[in-house]
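Report on the structure given below.
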């Protein structure tokens, strides 16, 4: 595991990359400086997969337990809607279940995901996995196919027909 200072640097690099996705990165940075979540565009290159909190936490554990190890991140806990949001590369991956929402800017979907500041809770959101990136590189993103498998595994841990919250 990298030293705390290098993890912090990797997190800051990733946050800069996320801010640059906006037409007005300075607005995103100001939101984070105030301790607020900032809107980051989705749909071109990245999407956010929103799942019920219980399902998302189990899927996150399943990803952490995969062997060989797989990259995981960034992952946001959205307290406002009791959901976990995985930021992943845009992909035609199939998402198992009608309670999974793909936030990708398409019809009936939001065009942004609200991203909390690094290291704190902002606007009802906090990091379960902070973004990590080397200088000048895009952040580590969870592979959508690994996530789809982890969600299917997580869903199997709930009794058939039971509501997942």
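The values are calculated or read from the model by the stated rules, or taken from the named source; none is laboratory data. All of these numbers come straight from a predicted model, not from anything done at the bench. So basically every Cβ, Gly included, is an ideal-geometry build from the backbone, and we count neighbours across all protein chains shown.
For segment 125-144, enumerate the residues that are within 19 Å of residue 53 (Cα to Cα), in a loop (DSSP other than H, G, I, E, B) and in contact with a strand residue (DSSP E or B) (Cβ under 7 Å, 6 or more places away or on another chain).
Selection gives 142 alone.
Among the residues of segment 61-83, write down those that are farther than 18 Å from residue 140 by Cα, assigned to a loop (DSSP other than H, G, I, E, B) and in contact with a helix residue (DSSP H, G or I) (Cβ under 7 Å, 6 or more places away or on another chain). Before the answer, list the steps.
Restricting attention to segment 61-83, the residues satisfying the condition of being farther than 18 Å from residue 140 by Cα are 78-83.
Those still in the list that are assigned to a loop (DSSP other than H, G, I, E, B) too: 79-82.
Scanning segment 61-83 gives a single hit, 82.
Identify all residues within segment 114-137 that are buried (at least 16 other Cβ atoms within 10 Å of the Cβ) and modelled with pLDDT under 90; write none if there are none. First the steps, then the outcome.
Just the residues of segment 114-137 that are buried (at least 16 other Cβ atoms within 10 Å of the Cβ), to begin with: 114-118, 122-123, 125-133.
118, 122, 123, 130, 131, 132, 133, listed by residue number.
Would you be able to say whether some residue in segment 69-79 is surrounded by 13 or more Cβ atoms within 10 Å (Cβ to Cβ), over 19 Å from residue 146 (Cβ atoms) and more than 15 Å from the chain's Cα centre (by Cα)?
Scanning segment 69-79, I find no residue that is surrounded by 13 or more Cβ atoms within 10 Å (Cβ to Cβ), over 19 Å from residue 146 (Cβ atoms) and more than 15 Å from the chain's Cα centre (by Cα), so the answer is no.
Can you say whether residue 147 is surrounded by 18 or more Cβ atoms within 10 Å (Cβ to Cβ), assigned to a loop (DSSP other than H, G, I, E, B) and touching a strand residue (DSSP E or B) at 6+ places or on another chain (Cβ under 7 Å), as far as the supplied structure shows?
Numbers: surrounded by 18 or more Cβ atoms within 10 Å (Cβ to Cβ): yes; assigned to a loop (DSSP other than H, G, I, E, B): no; touching a strand residue (DSSP E or B) at 6+ places or on another chain (Cβ under 7 Å): yes.
Considered against the rule, which asks whether it is surrounded by 18 or more Cβ atoms within 10 Å (Cβ to Cβ), assigned to a loop (DSSP other than H, G, I, E, B) and touching a strand residue (DSSP E or B) at 6+ places or on another chain (Cβ under 7 Å), residue 147 comes out as no.
Any idea which of 105, 97, 45 is exposed (fewer than 13 other Cβ atoms within 10 Å of the Cβ) and at pLDDT below 90? Before you say what the answer is, go through the steps one by one.
Details: 105 fails: exposed (fewer than 13 other Cβ atoms within 10 Å of the Cβ); 97 fails: exposed (fewer than 13 other Cβ atoms within 10 Å of the Cβ).
After applying the criteria, what remains is 45.
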